[in-house]
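Only one structure is covered here, and it is reproduced in the block below.
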Amino acid sequence: MAALSRLQRAEALLVIIDVQEKLMPVIHGGEAVVRNLDRLVRGFQLLDIPTVVTEQYVKGLGATVPELRATLKETVGYSPIEKLTFSAYGCGEFQAALRLARRKQIIVAGIETHVCVYQTVKDLLEADYQVTLIADALSSRTAENRDLAIRRMVVDGAKLSSTEMALFELVVKSATDEFRAIVKLVK
C-alpha cells in the first residue's frame, strides 16, 4: 500500500487503548493524557472520524476512566472492545472493527505505551496499516518506558504527532465552522 503523506479524514480512525480506572492513577502525566484524549474524541467526532476503544481485562483493571467514558457516551458512544491479549490486533473483535471501518490510517493513543500500545502498533504496521502516534496522549507508569516505546515504534515505521497537530492536519483549512470548533477544544 502506498503511504499517504498526510492524515486524511476519509482514511483516519482513532484507536484509544486501555485508559482504565485502576491503571490511570499510576500513569506518568495521566491527567494530561486524559485531557488530550478528551480533545481527540471530541475533535474526531466533529470531523466525523470513527473511534475504537479497547479495555484490557476489565475484571481486574476496571472500565475506561469515568471522565473519558462520559465524553465517549455523549459523542461517539461507549462500546469498548474488551481484550485479554496485549495487542488489540490479537482480538478478533478489534480486527472486525478495523475491517468494518475500512480505514488505513490508524491514529493511536492510550496506555501503557510500552506494552499494549507498542504491541498493537507493531501488529498494525505488520498488517500494512499506516500508524500515527499521538505522543501527548500516550503514557506508561514511567516516562522512560513511554519514551523508549515511542522511539521504537517510530523506528518501526509509525509517524509521530500531537493532539493539536493531528486535529489541525485533519481540519486542513481555517475560516470554517470546524476550524473554529477545534480551536475552542484545544484552548
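The values are calculated or read from the model by the stated rules, or taken from the named source; none is laboratory data. Every value quoted in this text rests on a predicted model; they were computed, and no experiment measured them. Counting neighbours? That spans all protein chains shown, and the Cβs are built from the backbone with ideal geometry, glycine included.
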I'm trying to understand the selection: among the residues of the stretch 137-167, which are closer than 22 Å to Val41 by Cβ, surrounded by fewer than 17 Cβ atoms within 10 Å (Cβ to Cβ) and of a type in the set (S, T, N, Q)? Ser162
Can you confirm whether the stretch 33-42 contains a residue that is at pLDDT 95 or above and either in a loop (DSSP other than H, G, I, E, B) or among the hydroxyl-bearing types (Ser, Thr, Tyr) (or both)? no
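Give the residues of the stretch 165-177 that are free of Cβ contacts under 8 Å to residues at least 40 places away in the same chain and farther than 10 Å from Ala135 by Cβ, sorted by residue number.
Of everything in the stretch 165-177, those that are free of Cβ contacts under 8 Å to residues at least 40 places away in the same chain and farther than 10 Å from Ala135 by Cβ turn out to be Phe168, Val172, Lys173, Ser174, Ala175, Thr176, Asp177.
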Lone qualifier among Val154, Val131 - being within 14 Å of Ile17 (Cα to Cα) and of a type in the set (Val, Ile, Thr): Val131
Considering only residues that are buried (at least 19 other Cβ atoms within 10 Å of the Cβ) and in a loop (DSSP other than H, G, I, E, B), which ones fall in the stretch 46-75? Ile49, Val65
If you take the residues of the stretch 48-68 that are modelled with pLDDT of 95 or more, of a type in the set (A, V, I, L, M, F, W, C) and more than 15 Å from the chain's Cα centre (by Cα), which of them is farthest from Val108 (Cα to Cα)? Leu61
Taking only the stretch 76-127 into account, find how many residues are aromatic (Phe, Trp, Tyr), surrounded by fewer than 19 Cβ atoms within 10 Å (Cβ to Cβ) and either in contact with a strand residue (DSSP E or B) (Cβ under 6 Å, 6 or more places away or on another chain) or assigned to a helix (DSSP H, G or I) (or both). 0
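Residue-by-condition table, conditions (1) more than 17 Å from Leu68 (Cβ to Cβ); (2) of a type in the set (Ser, Thr, Tyr):
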site: Gly110; (1), (2): no, no
site: His114; (1), (2): yes, no
site: Val117; (1), (2): no, no
site: Thr120; (1), (2): yes, yes
site: Ala127; (1), (2): yes, no
site: Ala135; (1), (2): yes, no
site: Ala143; (1), (2): yes, no
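Condition first: in contact with a strand residue (DSSP E or B) (Cβ under 9 Å, 6 or more places away or on another chain) and farther than 18 Å from Tyr89 by Cα. Now tell me which residues in the stretch 12-34 satisfy that.
Matches in the stretch 12-34: Gln20, Glu21, Leu23, Met24, Ile27, His28, Gly29, Gly30, Ala32, Val33, Val34.
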Applying the selection to the stretch 1-22, what residues are over 16 Å from Glu169 (Cα atoms), among the aliphatic types (A, V, I, L, M) and modelled with pLDDT of 95 or more? Val15, Ile16, Ile17, Val19
Scan the helices (runs of 4 or more DSSP H) fully inside the stretch 139-187 and keep the ones with 2 or more residues being under 23 Å from Asp123 (Cβ atoms). 143-156
Given the conditions (1) more than 20 Å from Leu68 (Cβ to Cβ); (2) within 14 Å of the chain's Cα centre (by Cα); (3) in a helix (DSSP H, G or I), every one holds for Val131 apart from (3)
